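Scroll down for the structure; my scribbles are underneath it.
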Amino acid sequence: MMQAFLGDPMAMILLTGALVATSGALLGTFLVLQRQSMLSDAISHSIVFGIVVVWLLTHAQSGPLQIAGAALTGVLTVFLTEMVARTRRVKRDAAIGLVFPALFAAGVLLLNLYARDIHIDSHTVLLGEIGFVWLDTMPLAGFEVPQAVVWMSVATLVNLGFVLACYKELKLASFDWQLAAALGLAPTLMFYLLLGLTSVTAVAAFDAVGAVLFIAFVIVPPATAYLLTDRLSLMLLLAVLVGVASTLCGYPLAVRLDVSIGGTMASMTGVFLLLAFLLSPRYGVLGHWRNRRVKYSG
C-alpha cells in the first residue's frame, strides 16, 4: 500500500506541493511581519550563483555542499544589501534590486561559460517541473521515495523545529526589534538564521518546483493570513492552510486546463489573497465598507 502511494504521480505532486507550501509559509510569516518578504525573491534568484560556484569547486550537483553553498549565498545577499543600504545613497528596496540581479546574472554567466553540459540551468532553478517529481526517486527504508518528498520533508521538519524552538525570539524580533535586542534575544542572529533556512529551503525546492512557486508560497499565503488575523500562532496556521489549499486546488485546475501545474498553484495563492483582501471581516474591502456604514448610520 505504501509503495502504491509513493508510486502515485498525483499523490506525490500534491505531497511535494504541500510540503513546499508548509515549509515556505513557516518562514515567510516572519519575513512578511518584518517587512523583509522581498528578500525571499532575492535569495531564490541569487542561489544560482552559489549553486554554480559549488559545482565549479566540487562538481557536486546536489547534497550538503550545494545546500551549504546556497545558504552562504543567501547570507551574502543580505550582507551586501545591508552594506549598500548603509551608504544611505539608495533605499533598502533599491539595494535589494541592485544586489540580487548582479548575483543572479553572475550565476547565469558562469553557467553559460563553464557548466553548459550539466542539468543545472536558469530555467530549472526558476521554473522547475513539479509534474515530474515522482520520476526521480531514491531508496529509503525499503521503498522508492521521490527525492523531492524526502528533501522537502527534511526542510519542513527543520523549519518547524526552528519556529517552535525560537518562537519567542522570532515573535519579539518581528514586532519590536529594539526591545528584543535590549532583552538579549539576539534579533540579528535570528534574522540571519531565518534567511539561512530560507536559502536552504529554496535550494531544496528549486529542482522540484522552481524558485517562482517557492517565492509565491513564502510571500502570498502569509500575506493572506495577515489580512485575516492579528494572532501570530493563528497566522502561521492560516498561512500553511492557504498554501496547502492552493496546492490542492491548483493541481486539478491545471490538469483540466492543460496548463503549468506550478503556475496554476502560484495563481491560486493569488486567488486566496484576493478573496481575503475583499472579504476579510476586519481588514477586507467589504469589511471596511460595512464598518463605515455601521459607524455613520449609528
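Miscellaneous remarks
- Arg86 meets all of the listed conditions (1) free of Cβ contacts under 8 Å to residues at least 12 places away in the same chain; (2) under 29 Å from Met235 (Cβ atoms) but one, namely (2).
- The condition (being crowded, with 19+ Cβ neighbours inside 10 Å, closer than 30 Å to Ile13 by Cβ and either out of contact with any Phe, Trp or Tyr (no Cβ under 9 Å at 6 or more places or on another chain) or in contact (Cβ under 8 Å) with a residue 40 or more places away in the chain (or both)) is satisfied by just one residue among Ser174, Ser199: Ser199.
- Checked against (1) over 20 Å from Gly74 (Cβ atoms); (2) modelled with pLDDT of 85 or more; (3) in a helix (DSSP H, G or I); (4) hydrophobic (A, V, I, L, M, F, W, C), Trp134 passes all but a single condition, namely (2).
- Some residue of region 28-41 being surrounded by fewer than 23 Cβ atoms within 10 Å (Cβ to Cβ), more than 17 Å from Thr201 (Cα to Cα) and in contact with an Asp or Glu (Cβ under 9 Å, 6 or more places away or on another chain): no
- Where helices (runs of 4 or more DSSP H) fall entirely within region 1-73, those with at least 3 residues that are under 21 Å from Tyr226 (Cβ atoms) and either modelled with pLDDT under 80 or among the polar types (S, T, N, Q) (or both) are at 9-33, 38-58.
- Sole residue being among the small types (Gly, Ala, Ser), part of a helix (DSSP H, G or I), farther than 30 Å from Pro64 by Cβ and modelled with pLDDT under 90, chosen from Gly250, Gly263, Gly270, Gly210: Gly263
- Check on Asp230, among the acidic types (Asp, Glu), surrounded by fewer than 24 Cβ atoms within 10 Å (Cβ to Cβ) and closer than 28 Å to Ala165 by Cα: yes
- Qualifying residue in region 228-241 (condition: touching a residue at least 60 places away in the same chain (Cβ under 8 Å) and within 18 Å of Ser44 (Cα to Cα)): no
The values are calculated or read from the model by the stated rules, or taken from the named source; none is laboratory data. Here the structure is a predicted model, which is why all the values come from computation and not from measurement. Note that we place each Cβ from the backbone using ideal geometry, even for glycine, and neighbour counts take in every protein chain shown.
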